[in-house]
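Engineer: Got a structure for you, written out below as structure tokens; questions coming shortly.
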């Protein structure tokens, strides 16, 4: 956590801030989703409350908080209350492990008559050596929230929705895990920091003794692993239970799926969990395939930014903060575009049938991911000759 | 008390309580969920030992996949009769006591016998990087060099089981019956 009380305090505040970032993104995302879906379908969407309808979600939250509190008669209260709270945990914990910019260097400073520092503050919740494995492991726990909600509600529709959701999540977890093996092989690392650092600068690689450089393209994983990137993105849609994979909700046959018995703020917590999964999936996609916080223009590397900041007359502390903030902006724009992509797909593609969903997961994506892994390994060995 | 010691005792306590819950709960769903809790806390214990890769794999494989299937299948059954048969009566009670005693004996025996071994190991200096990358690499190299035979045999065993399950499911009915 840290060497002294100030560093521990900063790290603790950082964890809270990242959790709040995830939770606070949800109202904006819901607004974007409702307005965006309306524009895609030639409607207007919520535009009455506040400017552009931005305060609609605040009104909704107040409404959710004042709803009647109840437990279904045949439900299990412990699981019923546990499920929506647990829905927030995996997303928040996994999101904290993903680096969003370069570390901040804090100079020595005086506080309460004592000198503190210098500190190096990472722009992420915490650093774990095998971050990719850790994030996959934590996100795989999200199924339990759905299972607990489905069974604890004591409702057949909830149970069927929960079973569908968990079967789907387990099936696509395989393709998700295999699709990133290619990236891990290329970088020889499980660490987000190392994978992101390898993606800076122009596209350049060595193949059988020849060095190939493409000066106008960034050195991103998506150019090395296009199939892996496509499979990973598809599996992310399935993991977060969103259209075209939202069989778990299936309004036509299951009413609303696992959260049919939930009302008020408890349902909103499930919403936050779902958007949290979108955010974790998108940031993982950015870190592995879209160069993390690096700019899409290969000329602008963190070193160039540091040089400009020094030219502007900042000290080492100012330079690190300036660089980190600009790189965080780059990460943030990428995240926003990907989240918009999630919303866009939801309102464009129709829902799969359940057997089509399972066939896609087991008979198409899994073999492609396996083939991608083997071919990547062979190509890496050949290129070393 | 240091942070490490506090973490260990806290996690050990939670592991113990949830493991006790697995056998004590009458409702099989709660037993399975306690087992999930046990898996997660064991993963956390691995993480405190700097074995981050093992912790992640424990979470992905046991907590994230195997136990989800257990819980899913248990939710589909109506287990009222079985619950009564297994929670009441002198016969099932005596069997439980017998098995519990056996398990306790095994654990005590294992701990007392491995004391010497533990002392021998703890004398060697344990070099481990804090990030867990080096230990992951070492684990992979050991698996694919020294233990390659047992590793591949395990893989073939799992493949045989998977094929056998598919064959049984196809011949005994179900949605994909021939």
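None of the figures in this text is laboratory data; all of them are computed from the coordinates on show. This is a predicted model, so every value here is computed, not measured. So basically every Cβ, Gly included, is an ideal-geometry build from the backbone, and we count neighbours across all protein chains shown.
Engineer: Starting from the Cα-Cα distance between residue A:55 and residue A:353, subtract it from 0.36 nm times their residue separation and give me the gain in nm to one decimal. Walk me through the numbers on the way to the answer.
Structural biologist: Details: separation 298, 0.36 × 298 = 107.28 nm, distance 3.65 nm.
Taking residue A:55 through residue A:353 to full extension adds about 103.6 nm, to one decimal.
Engineer: Shape of segment A:204-349 from its Cα gyration tensor (a ≥ b ≥ c, root eigenvalues): rounded if a/c is under 1.5, otherwise prolate when a/b > b/c, or oblate? All intermediate terms of the calculation are to be shown ahead of the outcome.
Structural biologist: Working: a/c = 3.97, a/b = 1.72, b/c = 2.31.
Cα axes put segment A:204-349 in the oblate bin.
Engineer: Mind grabbing the base-10 log of I(q)/I(0) for segment A:324-382 at q = 0.17, 0.26, 0.29 Å⁻¹? Debye formula, identical points on the C-alpha positions, no solvent, two decimal places.
Structural biologist: Treating every Cα as an identical point scatterer, log10 I(q)/I(0) equals -0.87, -0.93, -1.02.
Engineer: Now a separate question. Just to confirm my numbers, what's the Cα centroid distance between segment B:20-58 and segment A:136-211 in Å?
Structural biologist: Rounded to whole Å, the Cα centres lie 21 Å apart.
Engineer: Say we join alpha carbon atoms closer than 10 Å with springs in a Gaussian network model of chain B; which of B:102, B:49, B:59 then has the biggest fluctuation?
Structural biologist: B:102
Engineer: Send over the Kirkwood Rh of segment A:5-383, from the inverse of the averaged 1/r over different Cα pairs, rounded to one decimal Å. Could the numbers behind the result be given before it?
Structural biologist: Details: mean 1/r = 0.0444 Å⁻¹.
Result for segment A:5-383, one decimal place: 22.5 Å.
Engineer: What nm value, rounded to one decimal, do you get for the distance between residue A:126 and residue B:111 when each label is placed 7 Å out toward the C-beta?
Structural biologist: Label-label distance for residue A:126 and residue B:111, simple model: 2.7 nm.
Engineer: Right, another one. Hey, got the average number of other protein chain Cβ atoms within 10 angstrom for residues in A:179-191?
Structural biologist: Working: counts 0, 0, 0, 0, 0, 0, 0, 0, 0, 1, 3, 8, 4.
Shielding by partners across A:179-191 averages 1.
Engineer: Ok, one more. From the Cα gyration tensor of chain B, with a ≥ b ≥ c the square roots of its eigenvalues, which class applies: rounded if a/c is under 1.5, or else prolate if a/b is larger than b/c, or else oblate? Could the numbers behind the result be given before it?
Structural biologist: Working: a/c = 1.94, a/b = 1.25, b/c = 1.55.
Oblate, since a/c reaches 1.5 and b/c is not below a/b.
Engineer: Which residue, B:100, B:21, B:64, has the most motion in a Gaussian network model of chain B that connects Cα atoms within less than 10 Å?
Structural biologist: It is B:100.
Engineer: Just to verify a number: FRET efficiency for residue B:78 and residue A:217, C-beta to C-beta distance, R0 = 51 Å, to 0.05?
Structural biologist: Values: r = 59 Å, r/R0 = 1.16.
With a Förster radius of 51 Å, E is 0.30.
Engineer: Using helices alone, I'd like the mean residue ellipticity at 222 nm for the protein assembly as shown: each DSSP H run of four-plus residues gives -39500 (n - 2.57), total over residue count, nearest 500. All intermediate terms of the calculation are to be shown ahead of the outcome.
Structural biologist: Numbers: 25 runs with 371 residues, N = 563.
Here the helix-only value at 222 nm equals -21500 deg cm²/dmol.
Engineer: Let me ask something additional. Which whole number gives the average count of other chain Cβ atoms within 10 Å of the Cβ atoms across peptide B:31-41?
Structural biologist: Values: counts 0, 1, 7, 0, 0, 4, 1, 0, 1, 4, 0.
Mean partner shielding for this stretch: 2.
Engineer: Right, another one. If the viscosity is 1.306 mPa s and the temperature 10 °C, what Stokes-Einstein diffusion coefficient in µm²/s follows for segment A:242-321 when Rh is the Kirkwood radius over Cα pairs? List each step's numbers first, then the result.
Structural biologist: Working: Rh = 16.7 Å.
It diffuses with D of about 95 µm²/s by this estimate.
Engineer: Simple spin-label model, 7 Å along Cα-to-Cβ: residue B:166 to residue B:149 in nm?
Structural biologist: 2.9 nm
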